[in-house]
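Worksheet: one structure, shown below.
Any read-out appearing in this document is the output of simple, stated calculations on the displayed coordinates, not a laboratory observation. All values derive from a computational prediction rather than experimental measurement. As a convention, Cβ positions derive from the backbone with ideal geometry for all residues, glycine included, and neighbour counts pool all protein chains shown.
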Amino acid sequence: MLQMAAIFHIFIGSTLAGVAIIFALVMGVTTMSSILIAAAIGFVVSFPVTWMIAKMVYRNE
């Protein structure tokens, strides 16, 4: 399950980081540090999301 979660995290982490960056830009935040913080927050949020998705897929196999 860990290998599957790692593969999922590649895609989920980059997607959520991108969504957080776009959200920050839409809100009018344009400083580099704020954009990097938004990307880091999206990446960190993706860990529990990845774990839940991997558990759901692993149970249904």
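Any chance you could count how many residues in segment 27-46 are surrounded by 14 or more Cβ atoms within 10 Å (Cβ to Cβ) and either touching a Ser or Thr at 6+ places or on another chain (Cβ under 8 Å) or not in a loop (DSSP other than H, G, I, E, B) (or both)? I'd like the intermediate steps shown before the answer.
Quick first cut of segment 27-46, residues surrounded by 14 or more Cβ atoms within 10 Å (Cβ to Cβ) only: 29, 34-35, 37-39, 41-43, 45-46.
Now narrow it down to the ones that are either touching a Ser or Thr at 6+ places or on another chain (Cβ under 8 Å) or not in a loop (DSSP other than H, G, I, E, B) (or both): 34-35, 37-39, 41-43, 45-46.
The total comes to 10.
Scan segment 52-61 for residues that are surrounded by fewer than 15 Cβ atoms within 10 Å (Cβ to Cβ) and part of a helix (DSSP H, G or I) and jot them down. Working first, answer last.
Quick first cut of segment 52-61, residues surrounded by fewer than 15 Cβ atoms within 10 Å (Cβ to Cβ) only: 52, 55-61.
Once the filter is applied, which keeps residues that are surrounded by fewer than 15 Cβ atoms within 10 Å (Cβ to Cβ) and part of a helix (DSSP H, G or I), segment 52-61 yields 52, 55, 56, 57, 58, 59.
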